[in-house]
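The values are calculated or read from the model by the stated rules, or taken from the named source; none is laboratory data. Computed from a predicted model, the values in this text were never measured in an experiment. Note: ideal-geometry Cβ built from the backbone for every residue, glycine included; neighbour counts use all protein chains shown. For the accessible areas, the whole protein counts, side chains as well, though only heavy atoms, and no ligand, DNA or RNA atoms are used. Shrake-Rupley method; radii C 1.70, N 1.55, O 1.52, S 1.80 Å.
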Amino acid sequence: MNIAANPIVEANQTIYLKDYQKPSYVVDSIHLDIQVYDDHTDVSSKLVMKRQTDGDLVLLGRDLELKSIKINGKKLTESEYKLDSEQLVIRNAPEQAIVETVVLIHPETNTQLEGLYLAGSDLFVTQNEPEGFRKITFYPDRPDVLSVFTTRVEADKKYPVLLANGNLIEAGESGEDRHYTIWQDPTKKPAYLFACVIGDLAVLKDRYTTSEGRDVALEIYAEEKDIPKCHIAMEALKHSMRWDEEHYGRAYDLDNYMIVATSQFNMGAMENKGLNIFNTSCVLADEEYTTDAAIMRVQSVIAHEYFHNWTGNRITCRDWFQLCLKEGLTVFRDQSFSEDLQSAAVQRIDDVAVLKAHQFPEDAGPLSHPPRPDHFVEINNFYTATVYEKGAEINRMMSTLLGKEKFRKGTDEYFRRHDGQAVTVEDWVAALTAGSGVDLSAFLIWYNQPGTPKLEAKGEYDASTQIYRLTFKQTLKAHPKYSNLKPVPIPVALALFNAQTGAQYTLKSDRLFENGVKDGVYLFDQAEASIEFTGITEKPIASLLRNFSAPVNLEFNYSDPELAFLLQYETNGFNQWQATQTLLERILLDGHDAQIYVDAIQQTLPNVIEKDPLLASRLFDVPTESYLGSRIDQDYNPLIVHEAREALLNQLAKVLGSFTKDTYLSLDPDSQHEFSQAMGVRALKNIMLSLMARQGDSEVFDLAYAQYENSMNMSERLGALKVLVWNDAPQAQAALQDFYTHFKDEDLSLDQWFMIQAAHPKATAETIQYLTTHVDYDLGTPNRIRSVSGGLNANPVNTWSFGVQHFVDLAKYLDEKNPIVGSRLLQVLTRWYTLAEPQRSEVKASLEALKSQVKSKNVSETLNSMLSI
Ligand code: BES
Ligand code: ZN
């Protein structure tokens, strides 16, 4: 037995980008043999290694019981290597080294859901990104070591499914009760993309022929009862494969593509080569059991993981600082895909809403970091909104600027240059530059700097010359860890409207960017600059940052009537929505009059409902309490925000009057042919229902109960259930009971049942206590934890009162059991420092008290950063 003691001193070491060094050895091939037993798993590996630079032969390993190690056939004694809790180091190893190790691991007791673990009762799966592979075997577990994997998986026959990456090359029996398979993945890959699955699952099969003529077997593995819920994912997969061929010229490269669903997963899904592993919440989709929003999410996650095959797998990251290279680009690609699936305006609205609700606050607080950070303690803490969402925005900016054709030339060049390599953000920008012929190097500044730029714009009109001038200024808040902040290139997509007629001016200016599209894009890349438009016959109304062309905080002093004008006349759906949000924010935070918003929306709505009901529903978005809270930097009192928002909603309900019921009764989702339209109609109906409840009409509860009972559609059912439960309707308990009886064996539906109750605006510590002690609550299942915690956090008044203890206790518990999830949940409390006293000091004290009680790098690093303000 040879297992190192727990690390104490080294645990919180900071790793720096500037210290990057090539690995001293490369791995040409690896043979893995994984034998699963009830109480342990044996892993043997054979690495064919070759020296590349000077240095020791370093194998990373964590929680591994080393049984034996050989080099070139010769057994090593303990004095011939150095082993600690993180690595095995061999000094003076030969140029060519065949390293064979045998280790023992315990997937059956692995609660961290990282490495190989038992997920439920009869399924073993892996999660190796970013650093899980070292919990399976000793290996140079870093993304710049690419190797050919051959995997033998052996287990009891009670697990009929034995999968690994690549092609199945052999299968057979191993004694009476056991069997095995051997898989070979021909594509070189880093260890974080290794996967294997051992279990008892059913499968949905299909086929796809690529543009290159390859016939690909598609398989989705799930529990038998969930197979009918896999069809939407299967369609989305085939659609994604076609989409990547058409939009990026990328075809799939293996003969099979497998997806495995598990209910025990820390994240949404993982792009392991040819063998994706998915959280059930991101693969199972069915109108009867999951919501419209969940169905859209399934399609985008399927696309996301599929798109990684080229942006992430074929071309991977040199080191984990480059994470946004694969994630930012792949998110941009999945967003573009989703824009083709539904109302493109609404997809953009939803993506920007996520950016503003999560990334902007993250970037304004103590966890702020650049999309490509230059240091970290625990890489798992850097799968952040900034890396993902801001990373995606940087790619979107470059694509907006280049236009479709040049962007495609740029990406073609990227794939041509770097296929099979592990590269950096610089390589990506250089390839885009070379392929498109447009110098994009200034965009590297975006990758390397933290903070959301403030973009101030001013418009001046000169009637005598018919010139309209826009002046821009950008500023960035100083950051304690990153100095010398530079101006970034900001593509400003814009339109000018004639205030009288509502018509759009054709833009004439020599400073507009030539990107092949009709809309004007001005590249603002200095601290201050201006642009002039000629031939403007009347003082125009400018619409700036159309489609949110850059991730900045725009300040432009629109009058309320100008915003109402944009709501009516802007043809860009995103900016139409943005106008409603700006108006509502002013009403809520600055006490402006609500009437102008209500008038404008009533005038605009019938038209929009006709054309795009989903967009119509989004025009009723009232910024959430937590978003409004995130816009307040000091003396934040959640209760005041809550009351202001409630007052606005009540006022809206009142002013809209019978419009709500008329609209509710006139809409029929079943008469819509397209999913996106039907989804819009369902969303609108639910909004009308909740506004009706605010009008105090008791009949609304009967309507809601009828909607709950008569519909087989989960969005309709949940919309109705929310109205009943959150308004404490007489029918609420009966409906909850009925829902439970109906869906208690459907995890994803039951998550919603937990969520709705936790999100009750008047939920108390007792409500949460009831839910977290319920027989169906399970601290080993992240989805269930998130349903209650996420529900609770829907009401910041609750988060910042009894919720604080809830999150602190969870972080403490998960610190050991599942630090990845613990660290994420703790981040809910990041904005403690903005609270008004005495809450601020109280929350701070709770966080300080937690410090001495947590050990994991994940939770400690997050806690330290949160308190470093
Ligand atoms: N590579 C990630 C999954 C991952 C992240 C694994 C962090 C381990 C640690 C995957 O491609 C991903 O980004 N998944 C997202 C969903 C996606 C649609 C943005 C997720 O899991 O949330
Ligand atoms: Zn990803």
State, as an integer percentage, the relative contact order of region 1-200 based on alpha-carbon contacts under 8 Å between residues 6 or more apart.
-> 22
Using alpha-carbon pairs under 8 Å, 6+ residues apart, how would you state the relative contact order of the chain in percent?
-> 8
Tilt relative to the chain, helix 857-867 - C-alpha long axis, 0 to 90 degrees, to 10 | 30
HN-Hα J couplings of region 367-383 from phi, Karplus 6.51/-1.76/1.60, θ = phi - 60°, integer Hz, Gly and Pro as x?
-> 8, 4, 7, x, x, 10, x, 10, 7, 7, 9, 10, 4, 4, 6, 10, 8
Take the Cα gyration tensor of the chain, multiply each eigenvalue by 5, square-root it, and list the three semi-axes largest first, rounded to whole angstrom.
-> 45, 33, 27
Isotropically averaged projected area of region 1-200, using the convex hull of Cα atoms (one quarter of hull area), nm² | 11.7
Give the distance, in whole Å, between the Cα centre of region 603-640 and the Cα centre of region 325-403.
-> 21
From most to least accessible, 1.4 Å probe, no ligand or DNA/RNA atoms counted, Thr137, Thr400 line up as Thr400, Thr137
Scaled radius of gyration (Cα, divided by 2.2 N^0.38 Å) that region 106-234 gives | 1.12
Please list 332-345, 292-305, 525-538 highest first by mean number of surrounding beta-carbon atoms within 10 Å per residue.
-> 292-305, 332-345, 525-538
Dipole magnitude of the chain about its Cα centre, charges +1 at Lys/Arg Cβ and -1 at Asp/Glu Cβ only, in debye to the nearest 20?
-> 2040
Of Ile394, Gly175, Tyr20, which is farthest on the positive side of the dipole of the chain, counting Cα position, with +1 on Lys and Arg Cβ, -1 on Asp and Glu Cβ, and the Cα centre as origin?
-> Tyr20
Of Thr109, Thr316, ordered by accessible area with the largest first and a 1.4 Å probe, the sequence is Thr109, Thr316
Förster radius 56 Å - calculated FRET efficiency between Arg178 and Lys855, Cβ distance, rounded to 0.05 | 0.90
Taking 200-213, 446-459 and ranking on average Cβ neighbours within 10 Å, highest first, one gets 446-459, 200-213
Answer with one residue from Ala93, Asn128, Thr187: the one whose Cα lies farthest towards the positive end of the charge dipole of region 1-200, charges on Cβ with Lys, Arg +1 and Asp, Glu -1.
-> Ala93
Rounded tilt (10° steps) of 391-418 against the dominant C-alpha axis of the chain = 40
Once amide H atoms are built 1.01 Å from N in the peptide plane, which residues 5 or more positions from Ser530, or in another chain, come under 5 Å H to H?
-> Phe472
With contacts defined as alpha carbon pairs under 8 Å and 6 or more residues apart, what's the relative contact order of region 91-132 in percent?
-> 24
Which value does Rg/Rh take for region 196-280 over its C-alpha atoms, Rh per Kirkwood?
-> 0.97
Per residue, in Å², the accessible surface of region 379-493 once ligands and nucleic acids are set aside, probe 1.4 Å = 40
Give me the percent of the accessible area of region 419-529 that comes from carbon and sulfur atoms, probe 1.4 Å, all protein chains in place.
-> 49
Residues whose placed amide H lies under 5 Å from that of Phe124, excluding near-sequence neighbours = Ala119, Ile198, Gly199
Selection of GluC sites (Glu not before Pro), region 614-704, meeting DSSP coil and at most 14 other Cβ within 10 Å | Glu674
Interchain or long-range residues, amide H under 5 Å from His592's placed H = Ile587
Arrange the peptides 141-147, 155-161, 505-511 so that the one whose residues have, on average, the most other Cβ atoms within 10 Å appears first.
-> 141-147, 155-161, 505-511
Helix 425-436 sits off the longest principal axis of the Cα atoms of the chain, rounded to the nearest 10 on a 0 to 90 degree scale, by 60
Counting all Cα-Cα pairs in region 454-550, those more than 19 Å apart amount in percent to 44
J(HN,Hα) series, region 151-156, from Karplus relation 6.51 cos²θ - 1.76 cosθ + 1.60, nearest Hz, glycine and proline x = 10, 10, 10, 10, 7, 4
Enter the accessible area of Ile15 (Å², nearest 10), with the probe set to 1.4 Å and all protein chains included.
-> 70
Please give the contour-minus-distance gain from Gln805 to Thr471: 0.36 nm per residue of separation, less the Cα-Cα distance, rounded to one decimal in nm.
-> 115.4 nm
Calculate the dipole size of region 275-328 relative to its Cα centre from +1 charges on Lys and Arg beta carbons and -1 charges on Asp and Glu beta carbons; express the result in debye to the nearest 20.
-> 420
Hey, how many Å between the Cα centroid of region 694-738 and the Cα centroid of region 448-488?
-> 48
For Arg214, the accessible surface traced by a 1.4 Å probe with all protein chains present amounts, in square angstrom to the nearest 10, to 80
Based on Cα positions only, what radius of gyration and what Dmax would you give for region 316-448, in angstroms?
-> 14.7, 41
When the charge dipole of region 316-448 is computed with +1 at the Cβ of Lys and Arg and -1 at the Cβ of Asp and Glu, the Cα pointing farthest to the positive end, of Phe376, Ala353, Val429, is that of Val429
Report, to the nearest whole %, how much of the accessible area of region 11-93 belongs to carbon and sulfur atoms, 1.4 Å probe, protein only.
-> 46
Could you sort Ser801, Ser543 by accessible area so the largest value comes first, with the probe set to 1.4 Å?
-> Ser801, Ser543
According to a simple spin-label model (label point 7 Å from Cα along Cα-to-Cβ), what is the distance in nm between Asp738 and Tyr461?
-> 5.6
Looking at region 145-198, which GluC sites (Glu not before Pro) are DSSP coil and have at most 13 other C-beta atoms within 10 Å of their C-beta?
-> Glu176
Got a sec to turn the phi values of region 305-310 into Karplus ³J(HN,Hα) couplings, 6.51 cos²θ - 1.76 cosθ + 1.60 with θ = phi - 60°, whole Hz, x for Gly and Pro?
-> 5, 5, 4, 4, 3, 9
